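Asks: This is the structure, below, for whatever I ask next.
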Amino acid sequence: MIIAEAQRDAQKVRGDGDAQSIRIYADAFGQDKEFFAFYRSMQAYRDALTGHGTSFVLTPDTGFFRFFENSGATETPPAASAGPK
């Protein structure tokens, strides 16, 4: 009986934690959709590229790597280049 109560309580705590996590993600997404997409992509890269011997065969234009486009570019931010020339 004690084990059953502990398991029930543990399930409730997990469920409450999951609900809170979902609320936090939803709030973050609503505040800054672009950053949230970037953050989730970084998590996907971390999860997909772990371990030794991991290989991917993808085209460079796949959506998976969209945040690496222009990663080596040295562009001047728009606010800094707004002055007269």
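Asks: Out of the GluC sites (Glu not before Pro) in the range 1-71, which ones are loop residues according to DSSP with at most 11 other C-beta atoms within 10 Å?
Replies: For GluC sites (Glu not before Pro) across the range 1-71 that sit outside H, G, I, E and B with at most 11 neighbouring Cβ atoms in 10 Å, the list reads 69.
Asks: Give me the distance in nm between label points sitting 7 Å out from Cα along the Cα-to-Cβ direction at residue 31 and residue 48, one decimal.
Replies: 2.7 nm
Asks: Would you mind classifying the range 1-67 by shape? Square roots of the alpha carbon gyration tensor eigenvalues, ordered a ≥ b ≥ c; an a/c under 1.5 is rounded, otherwise it is prolate if a/b is larger than b/c and oblate if not.
Replies: Values: a/c = 5.36, a/b = 1.74, b/c = 3.08.
Taking the square roots of the gyration eigenvalues as a ≥ b ≥ c, the range 1-67 is oblate.
None of the figures in this text is laboratory data; all of them are computed from the coordinates on show. Treat the numbers as computed from the prediction; the structure is a model and nothing was measured. Please note: Cβ atoms are built from the backbone with ideal geometry, for glycine as well, and neighbour counts cover all protein chains shown.
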